[in-house]
Amino acid sequence: MIATEESAQLSSQEFIALEDRYGAHNYHPLDVIVERAEGIWVWDVEGNRYLDFLAAYSALNQGHCHPAIRAAAEEQMKKVTLTSRAFRNDQLPRLYQLLHELTGMDVALPMNSGAEAVETAFKAARKWGEKVKGIPAGRQEIIVCSNNFHGRTITIISASSDAQYRDGFGPLTPGFVVIAYGDAGALERAITANTCAFVVEPIQGEAGIQIPPAGFLEQAARICRENDVLFILDEIQSGLGRTGKMFAYQHEDVVPDGIIVGKALSGGFYPVSAFVTRKAVMDVFTPGDHGSTFGGNPLACAIARAALQVIVDEDLPARSAQLGEYFLGRLKTLKNPHIREIRGRGLWIGLELDRAARPYCEALKDKGLLCKETHVNVIRFAPPLVITKDELDWAFDRIREVMEA
């Protein structure tokens, strides 16, 4: 028997029961069943309204269901959605050009999920290390940072320092060296003749909005350049306006060898990601080396072009910078002895507690504000960048009620 439209009449608790019975238990979501959304607001199946203060982990920088992105998706759906890369399409070259203009990188390779784009960067770096730098085959090493989050594939978790991400999933992929985040000296000491790349988040999101010491990225770029090591930045969460710049690395004067983008690249309409880099790095790929059936499909490209255009037209990076500074200042007035630190850049803020953050997130949900804990004791605040000052004040009033209760 196939489920019918009457399922739409279920209550929140009935939906939760269905999910718990038939779904994998690999997430611990807040118990709100979102039925529709617009801008910064979402509504549950009972009609209750909530302010989305997570923005799908920065995938919704442009807000929910942005009309310009939706129009582009609908228009492309009438034409062609998928060709595979066996044929060319008229949308992909236009996305390539736009990514070049926004990033300054020579070339791009589009994928779907952020993890796929990270895998693409890893593969490109390793092949570049062997074919261009001359590292013996199978000896290439990639340096990463402790508490990183680059995704959840077997190879990516092999680069993680989080025990839970690795537990039970071995044998893991060798070839990764982990250093302390923000420690340029550790980076310099870790480099060997076999090092092909340093892959790092300019600001660590899943780790709790961890910002490295000022100058770290500039030092890292110099060290990589002096040692013929690729300097690759994972901007999947931090990029496309989230921190008050188009890309988070632009808070310092650096030029990376490659950038990994995703999430807000589609404004929440479709999985779209990409690895953008120098031509000399991407040229290690030849036909058949790497690919994706859906990566670079015309629907994805049309959506990504519209999503990027919204970021530019509405100047979302500047909006994030201005409102983020304002909101961070308000948050720092909170009076709660359990607050360890409040840190952030743009509209990407972590409130660290000396205890579990989950109960606070649940209390905020009951007041109409949706956010989520990360690393147990940090509340992450990351609203869509289209939010207004008045709406931030509305959110702050509820945060203050909960934090000062």
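The values are calculated or read from the model by the stated rules, or taken from the named source; none is laboratory data. Just so it is clear, the model here is predicted, and its values are computed rather than measured. Glycine also receives a Cβ, built like all others from the backbone with ideal geometry; neighbour counts cover every protein chain displayed.
A few notes on this one:
- A single entry from D257, D228 fulfils the requirement of being surrounded by 21 or more Cβ atoms within 10 Å (Cβ to Cβ) and closer than 16 Å to A124 by Cα: D257.
- Test: residue in region 359-370 that is touching a Lys or Arg at 6+ places or on another chain (Cβ under 7 Å), surrounded by fewer than 18 Cβ atoms within 10 Å (Cβ to Cβ) and of a type in the set (D, E): no
- Every test in (1) farther than 22 Å from N227 by Cβ; (2) part of a helix (DSSP H, G or I) is passed by G129 save one, and that test is (1).
- Residue check for C224: part of a strand (DSSP E or B) and more than 30 Å from Q309 (Cβ to Cβ): no
- Which listed residue is under 21 Å from the mean Cα position of the chain (by Cα), aromatic (F, W, Y) and in the same structural domain as F285 (by TED's automatic domain parsing), from F149, F169: F149
- Of R36, R49, R88, all but one fail to be basic (K, R), free of Cβ contacts under 8 Å to residues at least 12 places away in the same chain and in contact with a strand residue (DSSP E or B) (Cβ under 7 Å, 6 or more places away or on another chain); the exception is R36.
- Residue among R278, R340 that is among the basic types (K, R), surrounded by fewer than 22 Cβ atoms within 10 Å (Cβ to Cβ) and under 22 Å from the mean Cα position of the chain (by Cα): R278
Rundown of residues vs (1) over 24 Å from A56 (Cβ atoms); (2) of a type in the set (A, V, I, L, M, F, W, C), yes/no style:
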site	(1), (2)
L109	no, yes
N112	no, no
G129	yes, no
R139	yes, no
S161	yes, no
D167	yes, no
G185	yes, no
A207	no, yes
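- Positions within region 237-267 being within 19 Å of H100 (Cβ to Cβ) and either modelled with pLDDT under 95 or part of a loop (DSSP other than H, G, I, E, B) (or both), in sequence order: G239, L240, G241, K245, M246, F247, V254, V255, P256, D257, G262, S266
- Qualifying positions in region 237-250 - crowded, with 19+ Cβ neighbours inside 10 Å and either more than 30 Å from A37 (Cα to Cα) or outside the structural domain of F149 (by TED's automatic domain parsing) (or both): Y249
- Region 317-343: number of residues that are under 20 Å from V402 (Cα atoms) and either in contact with a Gly (Cβ under 7 Å, 6 or more places away or on another chain) or polar (S, T, N, Q) (or both): 4
- Evaluating D106 against the criteria (1) closer than 20 Å to D315 by Cα; (2) in contact (Cβ under 8 Å) with a residue 12 or more places away in the chain leaves one unmet condition, (1).
Residue-by-condition table, conditions (1) under 14 Å from the mean Cα position of the chain (by Cα); (2) without any contact (Cβ under 8 Å) to a residue 40 or more places away in the chain; (3) buried (at least 19 other Cβ atoms within 10 Å of the Cβ):
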{"site": "L233", "(1), (2), (3)": "yes, yes, yes"}
{"site": "L265", "(1), (2), (3)": "yes, no, yes"}
{"site": "F285", "(1), (2), (3)": "no, no, no"}
{"site": "G324", "(1), (2), (3)": "no, no, yes"}
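- Of all residues in region 334-363, those being in contact (Cβ under 8 Å) with a residue 12 or more places away in the chain and either among the polar types (S, T, N, Q) or assigned to a helix (DSSP H, G or I) (or both) number 6.
- Extreme residue, farthest from E141 (Cα to Cα), among residues of region 181-209 that are without any contact (Cβ under 8 Å) to a residue 40 or more places away in the chain and exposed (fewer than 14 other Cβ atoms within 10 Å of the Cβ): G185
- Going through (1) surrounded by fewer than 20 Cβ atoms within 10 Å (Cβ to Cβ); (2) of a type outside the set (K, R); (3) at pLDDT 95 or above one by one, D162 falls short only on (3).
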